[in-house]
1. Order V61, V26, V78 by their accessible area, 1.4 angstrom probe, all chains in place, largest first.
2. If I ignore ligands, DNA and RNA and count only protein heavy atoms, how much of M18 is accessible to a 1.4 Å probe, in Å² to the nearest 10?
3. Protein chains only, probe 1.4 Å: how do K49, K21, K63 rank by accessible area, largest first?
4. Can you give me the solvent accessible area of E80 with a 1.4 Å probe, rounded to the nearest 10 Å²?
Amino acid sequence: VYLWDEYIVADVRALRDMHIKVPEAVRVGDSVTLACNYDLESQALYTIKWYRYDSEFYRYVPKESPPSRVFIMPNLDVDE
């Protein structure tokens, strides 16, 4: 963010063509697949995070080793 005279100029970038696929309802015990499709326009991916309510349960950061991390949450099993 830059302050120029009395105007604030921000360098804002957003994903294009982002689609998140999450089922509306799931029966207890059923498996689901969550998907996030996006176009980075040749930029590097920084991170993807999945939340249930206010708690993060999965994180993918390509520059970390290992890149995937699963956070324990009751009644939720993540199959990487």
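The values are calculated or read from the model by the stated rules, or taken from the named source; none is laboratory data. Keep in mind that what you see is a predicted model, and the values were worked out from it rather than measured. Ligands, DNA and RNA are stripped out before the accessible areas are found, and what is left, the full protein with its side chains, is counted by its heavy atoms. Shrake-Rupley method; radii C 1.70, N 1.55, O 1.52, S 1.80 Å.
1. Result of the area sort, largest leading: V26, V78, V61.
2. Only protein atoms counted, so the area is about 100 Å².
3. K63, K21, K49
4. Probe radius 1.4 Å; accessible area of E80 about 140 Å².
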